[in-house]
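The values are calculated or read from the model by the stated rules, or taken from the named source; none is laboratory data. All figures in this text were calculated on a predicted structure; none of them were measured in a lab. Cβ coordinates were reconstructed from backbone atoms using ideal geometry, including for glycine residues, and neighbour counts include every protein chain displayed.
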Amino acid sequence: MQASVGQPLGSRLSWPIWTADVSSEGRGELSDIADTSAVGTRLGGIAPSDLVIRSGRLLDHRVVDLVVTNGTITAVVDARTATAGPGVDIIEASGRLVTPSFVDAHLHLDKVYTQPLLGDRALEVYTGAGMAGAMTGIELAREVKRHYRAEALLPNVRRALHEGVRHGTLHVLAFVDVDTTGQLEGLRAVLAARAEVHDIVDVQVVAFPQDGLLRDPGAAELCEEALREGADVVGGIPWIEYSDADALEHVEWACSLAARTNRRVAMLVDDAGDASLRTTEMLAAAMLRHNLVGRGVACHARATGLYPQPTLLRLMGLAKQAGLSFVANPHTGPVALPVQQFDRAGLPVAFGQDDIEDAYYPYGRHSMLEVAFLASHLLEMRSGVDQLRLLDMITTQAGRVLGIEGHEVVVGATADLCVHDSERVVDLLRDHAAPRWVVSQGRIVAGTDITTTLRV
Ligand SMILES: [Zn+2]
C-alpha cells in the first residue's frame with residue numbers, strides 16, 4: 001500500500017489529504033467526493049452547513065442524512081432530504097456505515113518505528129514465558145533512548161499520527177517516556193508533531209516515567225518539567241519499582257501531582273505475568289484519597305487476568321468507586337485484562353494500539369479496527385453483540401475513558417466521523433480497512449479508495 005500526502009496537514013481542507021492505492025493496476029482516486037459547487041439550495045429550516053453526508057447508515061440501521069455546521073452535527077434527517085448550498089462538501093455515503101472516529105486510548109508515541117534500532121531481543125524477553133520477564137524486556141528497550149534526539153524522532157511520530165488520520169484515529173492518549181536516559185527528547189518530538197496536526201487530531205500527552213521514579217532518581221522532576229512544557233496528563237508505572245512500598249510511593253506522587261495541578265492521571269499498571277501485582281488497586285485507592293474520582297486510567301493491567309475471582313471482584317468494586325477506567329491491548333502480550341467481565345460490570349474499557357514497530361510489538365498501522373479485530377480473536381468476542389461492544393470500545397466508550405463525553409453520531413456532537421466502505425459491522429471488523437472518508441470537526445481529512453482488478 002502506498003500513501004501520499006497531497007497537501008500539508010493543518011490547513012483548511014476541502015479535499016482529502018491522502019490517496020491510497022492498493023490496486024494491482026491504476027491509482028485509487030477520490031472522485032466520488034462530490035464537487036458541490038453546483039449543488040442545490042440552502043436547507044429549509046436548517047442553518048447553512050459545512051458538510052452533508054448523504055444516506056449514511058447508523059449502527060441502529062437507520063439510513064439518514066447528516067448535516068454538519070461549523071464542525072458540529074446539526075441535523076440528522078431522513079435520507080435524501082437534506083440539501084446543501086454552494087461551497088458545502090457532500091459525501092455520498094450510499095448506505096455505508098457512519099461511525100464516530102476512532103480513539104486510541106493508549107499509544108507509546110515517542111517509541112514508534114524504533115524497533116530497527118534494537119533488534120528482536122527486547123521483544124522476545126518482554127512477551128516470552130508468559131511475560132515473566134517483562135521487566136527485563138523494558139530494561140533492554142531502554143537502550144534505544146540513549147540515541148533519542150527530538151529531530152530524529154519527529155518523522156516517526158508524524159508518520160504514526162498521519163497513519164492514524166488515514167485510519168480514522170482522531171483522538172490519542174499518547175504516553176511519552178520522560179526519564180533520565182531519554183530526558184525530554186521524546187516529549188519535544190511529540191509536542192512538535194502534535195502542533196502540526198492540532199486542528200485534526202486530539203493528542204493528549206502523558207508524561208510517563210517509563211523506568212520508574214524511585215528506580216530512576218530525577219525522573220519525577222523531569223515529569224513536572226514535561227507538564228510545564230505542554231504534557232497534559234500525569235503518568236506512572238508503579239509496578240516496575242522494586243517493592244510494594246516503592247510502588248505505593250510512586251502512585252502517591254503521581255496522584256498528588258495530578259490533584260495539585262488539576263490534571264488527569266494515566267498509569268501503566270501490573271504489566272507482567274505475576275498474579276501478586278496490586279498497583280491497579282493502589283491507583284484506585286489513591287484516586288479516592290486525592291479526589292480524582294473519574295479522572296484516572298489504568299492501562300495494560302494484564303496481571304488482573306491471572307487474579308483469583310475474589311481478588312478480582314474486590315478490585316472491580318474499588319475501581320467502580322474510584323471511577324477508574326481501563327485500557328486493554330491484548331495483541332501486545334500473552335496475558336490480558338478480563339475485558340468482558342469488566343465491561344459487563346459497567347467499568348469503562350477501551351482499547352489501545354499500544355505499540356507500533358518498537359521494542360514491544362513489531363506491527364501496528366494505528367488502525368483501531370485492526371486492534372479490535374485482533375481483540376475479537378484473542379478475547380473470544382465474536383458474536384454480533386460482541387462486535388458492537390468492540391466497536392464501542394474504540395469509539396464512544398473509548399472517548400469516555402479519555403474524558404471526552406458525547407463522542408457519538410448525534411445532533412450536537414462534534415463531527416469527528418468515519419464513513420466506511422462497509423454496510424455491516426461484521427464487514428467493518430473483517431476488513432479492518434481504512435475508512436472511505438475521515439471527517440475531523442466537519443472537514444474531510446482523509447479518503448481511501450481500495451481497488452482490486454480481478455482477472456479470473
Ligand atoms: Zn503500553
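In segment 326-345, the residues that are assigned by TED's automatic domain parsing to the domain that holds Glu281 reach residues that are among the basic types (Lys, Arg) with C-beta atoms within less than 7 angstrom, at least six apart or across chains, in these pairs: Gly333/Arg302; Val335/Arg302; Ala336/Arg302; Leu337/Arg302; Asp343/Arg389. Answer yes or no as to whether Asp211 is surrounded by 19 or more Cβ atoms within 10 Å (Cβ to Cβ) and of a type in the set (Asp, Glu). So Asp211 fits the description; yes.
State whether one or more residues within segment 351-362 are touching a residue at least 24 places away in the same chain (Cβ under 8 Å), more than 16 Å from the ligand (Cβ to nearest atom) and surrounded by 20 or more Cβ atoms within 10 Å (Cβ to Cβ).
No, there is no match, as no residue in segment 351-362 is touching a residue at least 24 places away in the same chain (Cβ under 8 Å), more than 16 Å from the ligand (Cβ to nearest atom) and surrounded by 20 or more Cβ atoms within 10 Å (Cβ to Cβ).
Once segment 84-136 is narrowed to residues that are in a loop (DSSP other than H, G, I, E, B) and modelled with pLDDT of 95 or more, the residue that is nearest to the ligand (Cβ to nearest atom) is Val112. When each of Leu288, Leu306, Leu313 is tested for being away from the ligand (no atom under 15 Å from the Cβ) and under 25 Å from Val371 (Cβ atoms), the lone residue that passes is Leu306. Looking at Asp78, Asp65, just one residue is away from the ligand (no atom under 16 Å from the Cβ), acidic (Asp, Glu), touching a Lys or Arg at 6+ places or on another chain (Cβ under 6 Å) and touching a residue at least 12 places away in the same chain (Cβ under 8 Å), and that residue is Asp65. Of note, Glu163 satisfies the criterion of being away from the ligand (no atom under 16 Å from the Cβ), among the acidic types (Asp, Glu) and buried (at least 18 other Cβ atoms within 10 Å of the Cβ). Checked against (1) assigned to a helix (DSSP H, G or I); (2) of a type outside the set (A, V, I, L, M, F, W, C); (3) in contact with a Cys (Cβ under 8 Å, 6 or more places away or on another chain), Asp246 passes all but condition (3). Taking segment 255-285 as the range and being within 16 Å of the ligand (Cβ to nearest atom) and either under 18 Å from Leu173 (Cβ atoms) or in a loop (DSSP other than H, G, I, E, B) (or both) as the test, the residues that pass are Val265, Ala266, Met267, Leu268, Val269, Asp270, Asp271, Ala272, Gly273, Leu277, Thr280, Leu283. Every test in (1) of a type in the set (D, E, K, R); (2) in contact with a strand residue (DSSP E or B) (Cβ under 9 Å, 6 or more places away or on another chain); (3) under 22 Å from Glu163 (Cα atoms); (4) assigned to a loop (DSSP other than H, G, I, E, B) is passed by Glu408 save one, and that test is (3).
Of the residues making up segment 60-71, those that are at pLDDT 95 or above and surrounded by fewer than 22 Cβ atoms within 10 Å (Cβ to Cβ) are Asp60, His61, Arg62, Val63.
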